[in-house]
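Working notes for the structure below.
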Amino acid sequence: MKASELAAEQVLIGGLVLAVVLLPWWPESSATGSSWSPIVSLAGGVVLLAACYLLGIVFDRLADTLTEDLERHHRLRFALAWPALRDRQPPAVAQDWQDPFPEDHFRLAVLRDSDAVVEWLDYHRSRIRLARSLALFLPALTISGVLTSARLAGPPPGALGHPASLVIVPLVFSLAVWQIWRRRLGRAAGSEGPTWLVAPRTDQPEAYRYGQDCGYGGNDEASRRLRRSSLIRALASDPAVQASTVMIAFALIQAAAIARASVIVVAMVGAVVSALSGWAWWRISAAYRHYLRHVTTTQPKR
């Protein structure tokens, strides 16, 4: 990916995060900004752009950390899709297991391919990162949007309409990071077995047991139901999904407490777009991995 395209991506992500903080103060900042001279406005725009870029770097990494467990579930489920396990025997030792989807190897192979293929796959990776950031940070922006629309409509009633209620955003993200940290240290109960809070890597022999526990050993109706139910359990127990759900629920509660039509519409639109962003991230990730595997086996090298 070109450096300019990557920078634009970071600016967009940083702008989304910065909007979460600044949007509730829009009524005051718009009145102040209208009195600025052109030179001051230009300098302020440059500083704002730089801040967006720096924030984008940091929060893109945060998004990567928060969704790492979901990424592992997605990668392994893609790798074990029927009929990957149909003719496989349980691995007696680690050497008996062959990685069904060596993604790092595929990526290195793509880098040796034609520039058009590399740019095409980089485009999909950019879409993945943007959709991921929307799914994670749009719920927080929804809270800010609820506060802003309430303040523009008039003094909102109660503490839920005060900008200080935005403190729930760093609190929720901090709790999500803490949960992930506990999982990394192996302190979370049930990290293996039917729930599989943390999915193994595709090159680990435990991937076979994961596939059997999650319904990838067959393709009958019972196996398909098990795949769906295990995916729902994985999503429901994921810290990133829980964080987004809590923030959307808080925004809806805020809107209901403020009880103004425009505020309720903002909360509902934010909830729907956040859910669509999460779905888009999941689907684009599947398309990217499908293309990655396809081009490494069919595309001629330069």
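Taking the criterion of being within 18 Å of HIS162 (Cα to Cα) and not in a helix (DSSP H, G or I), the only residue of the range 228-259 that qualifies is ALA259. For the range 36-64, a tally of residues being surrounded by 13 or more Cβ atoms within 10 Å (Cβ to Cβ) and among the aromatic types (Phe, Trp, Tyr) returns 2. Applying the set (1) free of Cβ contacts under 8 Å to residues at least 12 places away in the same chain; (2) of a type in the set (S, T, N, Q); (3) buried (at least 18 other Cβ atoms within 10 Å of the Cβ) to THR67 leaves exactly one unmet item: (1).
Take the range 95-134 and flag every residue that is surrounded by fewer than 18 Cβ atoms within 10 Å (Cβ to Cβ) and within 17 Å of GLN212 (Cα to Cα). Hits for the range 95-134 are ASP96, GLN98, ASP99.
Residues in the range 197-215: is at least one free of Cβ contacts under 8 Å to residues at least 60 places away in the same chain, in a helix (DSSP H, G or I) and under 30 Å from GLY145 (Cβ atoms)? No: the range 197-215 contains no residue that is free of Cβ contacts under 8 Å to residues at least 60 places away in the same chain, in a helix (DSSP H, G or I) and under 30 Å from GLY145 (Cβ atoms). Considering the range 70-94, the residues that are in a helix (DSSP H, G or I) and aliphatic (A, V, I, L, M) include one that is surrounded by the fewest Cβ atoms within 10 Å (Cβ to Cβ), namely ALA94. Screening LEU138, LEU160, LEU134, LEU130 for residues that are in a helix (DSSP H, G or I), under 22 Å from SER274 (Cβ atoms), in contact with a helix residue (DSSP H, G or I) (Cβ under 7 Å, 6 or more places away or on another chain) and modelled with pLDDT under 85 leaves exactly one candidate, LEU160. Confirm whether ALA243 is under 18 Å from LEU138 (Cα atoms), crowded, with 16+ Cβ neighbours inside 10 Å, aliphatic (A, V, I, L, M) and at pLDDT 95 or above. In short, yes. All told, ARG289 falls short of being buried (at least 18 other Cβ atoms within 10 Å of the Cβ), more than 23 Å from ALA164 (Cα to Cα) and either more than 20 Å from the chain's Cα centre (by Cα) or hydrophobic (A, V, I, L, M, F, W, C) (or both).
Looking at GLU5, is it assigned to a helix (DSSP H, G or I), among the acidic types (Asp, Glu), over 21 Å from GLY270 (Cβ atoms) and modelled with pLDDT of 75 or more?
no
Does the range 180-201 contain at least one residue that is surrounded by fewer than 17 Cβ atoms within 10 Å (Cβ to Cβ), of a type in the set (Asp, Glu) and modelled with pLDDT of 80 or more? The answer is no; no qualifying residue exists. Within the range 275-297, the set of residues being modelled with pLDDT under 95 and among the polar types (S, T, N, Q) comprises THR296, THR297. Of all the residues in the range 110-143, those that are more than 11 Å from the chain's Cα centre (by Cα) and small (Gly, Ala, Ser) number 4.
The values are calculated or read from the model by the stated rules, or taken from the named source; none is laboratory data. Note that the coordinates shown come from a computational prediction; the quantities given were computed from them, not determined experimentally. Here the Cβ is made from the backbone with ideal geometry for all residues, glycine too, and neighbour counts use every protein chain on show.
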